[in-house]
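Asker: One structure coming up, written as structure tokens, with questions to follow.
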Amino acid sequence: MDMTPRETVAELDKYIVGQDAAKRAVAVAIRNRWRRQQLPAELRKDVTPKNIIMIGPTGVGKTEIARRLARIVGAPFIKVEATKYTEVGYVGRDVESMIRDLTEAAVGLVKARQRTEVEEKARDRVTERLLDLLLPTKGYMPPEDSEDTERKQRTREKFRGMLVAGELEEKTVELTVDQKHVPVQVFSNMGMENMDVDLQSMFDKFMPKTATPRQLTVAEARKVLMEQETEALIDRAAVNEQAVDLVENHGIIFLDELDKVCGPSSSSGPDISRSGVQRDLLPVVEGTTVNTKYGAVRTDHILFIAAGAFHVSKPSDLMPELQGRFPIRVELTDLTREDFLRILTEPKHALTKQYAELLATEGLTVEFTASGIDALADIAFEVNRTTQNIGARRLHTILERVVEEISFEGPDRHDKHVSIDSDYVRGKLDGILKKEDLSRYIL
């Protein structure tokens with residue numbers, strides 16, 4: 001993907017409102033990856049990604065920017081919470097497991113691409129196998145003369161035409177399907193996920209596979225055969241090789257809640273979930289080799305985007321060595337009333353559009369008027385200001401409360417047109433907003 005930074009930001013604008021500084025930072029980081037690929041090999045290996053820290057309160061778009069960015073460029077992406085890792089040697093996950101998870105995501109991407117490439121060939125092979133099932137030849141057959149061969153060929157072509165036309169979808173065929181056995185569960189010490197995978201694979205090879213005949217319709221058999229043929233056509237070795245290359249050169253890891261692993265050291269006992277995690281993160285972010293079941297993965301050129309609210313702590317509380325691994329810092333701003341207005345109307349899949357389409361499945365026409373959207377934005381902004389600020393997530397709770405009655409009565413309503421205006425919104429929410437304690441609980 002060789003989009004310019006301006007094009008990347010324009011694409012992000014379709015889904016995320018505001019936060020221009022963060023969008024520009026990630027767009028430049030992705031463009032630098034493309035620039036690096038154009039360099040001579042000798043220079044390319046020394047150009048490392050400039051990792052980013054996003055600083056801002058919850059619900060302002062940190063995760064969504066990273067997730068949408070990965071989708072736009074087709075890069076393997078995972079979101080992990082820094083708080084779920086502990087120092088190596090203690091109960092919990094070690095930080096290297098995030099690289100294994102990212103590699104799994106890359107394998108899924110490469111497999112999906114290869115499935116698309118072999119789909120046509122697999123479909124042809126499925127058609128031939130279905131014809132074999134519909135026109136079976138049992139036992140020993142004496143040598144055929146040319147007339148018998150032509151007759152059988154004509155019959156096969158006739159059935160092929162009926163199959164393509166969809167006239168045999170309900171016809172039953174007998175198909176032998178591999179019975180999936182219950183996998184042997186392997187448990188080792190936490191932090192030994194790679195060993196678990198290797199032992200699991202070894203047991204799977206030893207367990208005998210059982211094939212059982214099943215009576216399926218042609219439509220059902222086609223799905224089973226398509227899966228079998230697609231898997232048979234995919235080159236596993238090539239998938240593994242491409243996945244490792246994709247991770248090493250295009251992988252993106254979004255490391256959330258980084259602020260929760262920094263701060264003052266614990267006064268008693270080893271601080272295994274804070275400074276210990278930071279120490280373990282250092283080599284992974286800087287560049288090390290992690291063994292996965294698909295091969296060794298170098299982390300030198302993986303892009304790390306960290307995020308945190310940093311209310312109690314600040315980025316300078318991180319270990320100095322780790323701070324140096326995240327040279328780019330961008331601050332995301334609190335959402336204003338105008339931001340809420342834009343979030344409700346501008347994004348490609350805005351919340352108001354989602355609710356309207358959901359209720360349209362019941363035959364309802366739900367219209368959000370301009371005054372109704374103004375009221376939603378006003379209330380969301382006010383509740384965030386006076387209670388806990390949870391950003392755009394506040395809109396989910398408010399909208400759910402506003403459309404709750406319509407959603408419940410939707411299938412039985414006689415009036416299929418609903419207009420949600422300012423009076424409707426305030427009628428549903430004013431009673432709650434007046435009771436401050438209750439509004440804290442519900443909204």
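The values are calculated or read from the model by the stated rules, or taken from the named source; none is laboratory data. The shown structure was predicted, so the numbers you read here are calculated from the model rather than taken from an experiment. A quick note on method: Cβ atoms are made from the backbone with ideal geometry, for glycine too, and the neighbour counts reach across all protein chains shown.
Asker: Counting only residues that are acidic (D, E) and under 24 Å from the mean Cα position of the chain (by Cα), how many does the range 327-383 have?
Answerer: Qualifying residue count, the range 327-383: 2.
Asker: May I pose another question? Go through the range 366-392 and report how many residues are touching a Ser or Thr at 6+ places or on another chain (Cβ under 6 Å), farther than 19 Å from I420 by Cα and surrounded by fewer than 21 Cβ atoms within 10 Å (Cβ to Cβ).
Answerer: Residues in the range 366-392 being touching a Ser or Thr at 6+ places or on another chain (Cβ under 6 Å), farther than 19 Å from I420 by Cα and surrounded by fewer than 21 Cβ atoms within 10 Å (Cβ to Cβ): 1 in total.
Asker: Now a separate question. I'd like to check something: does the range 304-316 contain any residue that is under 30 Å from R236 (Cβ atoms) and at pLDDT 90 or above?
Answerer: yes
Asker: Regarding T361, is this residue farther than 27 Å from D13 by Cα, touching a residue at least 40 places away in the same chain (Cβ under 8 Å) and exposed (fewer than 14 other Cβ atoms within 10 Å of the Cβ)?
Answerer: Answer is no for this residue.
Asker: Same structure again: Could we say that A122 is part of a helix (DSSP H, G or I), modelled with pLDDT of 85 or more and outside the structural domain of V218 (by TED's automatic domain parsing) here?
Answerer: yes
Asker: If you don't mind, there's one more thing I want to ask. Among the candidates A41, A70, which residue alone is closer than 23 Å to N240 by Cα and over 22 Å from the mean Cα position of the chain (by Cα)?
Answerer: None of the other options fit; the residue is A41.
Asker: Also, quick follow-up: Based on what the data block shows, is K23 outside any helix (DSSP H, G or I), in the same structural domain as D256 (by TED's automatic domain parsing) and within 28 Å of D259 (Cα to Cα)?
Answerer: no
Asker: Which residue is nearest to G61 (Cα to Cα), if the candidates are limited to the range 362-392 and must be out of contact with any Pro (no Cβ under 7 Å at 6 or more places or on another chain) and assigned to a loop (DSSP other than H, G, I, E, B)?
Answerer: Selected residue: A392.
Asker: Find all pairs meeting these conditions: Cβ atoms under 8 angstrom apart; at least six residues apart or on different chains; first residue within the range 409-429 and without any contact (Cβ under 8 Å) to a residue 12 or more places away in the chain and at positive phi; second residue part of a strand (DSSP E or B) and surrounded by 12 or more Cβ atoms within 10 Å (Cβ to Cβ).
Answerer: Close Cβ pairs satisfying both conditions: none exist.
Asker: If you scan the range 13-28, which residues turn out to be modelled with pLDDT of 90 or more and within 22 Å of the chain's Cα centre (by Cα)?
Answerer: If the condition is that a residue be modelled with pLDDT of 90 or more and within 22 Å of the chain's Cα centre (by Cα), then A22, K23, A25, V26, A27 are the ones that fit.
Asker: Output yes when any residue across the range 247-255 is aromatic (F, W, Y) and modelled with pLDDT of 80 or more, and no when none is.
Answerer: So far as the range 247-255 goes, yes, one or more of its residues are aromatic (F, W, Y) and modelled with pLDDT of 80 or more.
Asker: Tally up the residues in the range 3-23 that are buried (at least 16 other Cβ atoms within 10 Å of the Cβ) and touching a residue at least 60 places away in the same chain (Cβ under 8 Å), please.
Answerer: Of the residues in that region, 10 qualify.
Asker: Would you mention how many residues in the range 28-84 are in contact with a helix residue (DSSP H, G or I) (Cβ under 7 Å, 6 or more places away or on another chain), closer than 28 Å to H396 by Cα and charged (D, E, K, R)?
Answerer: Summing the residues that are in contact with a helix residue (DSSP H, G or I) (Cβ under 7 Å, 6 or more places away or on another chain), closer than 28 Å to H396 by Cα and charged (D, E, K, R) in the range 28-84 gives 2.
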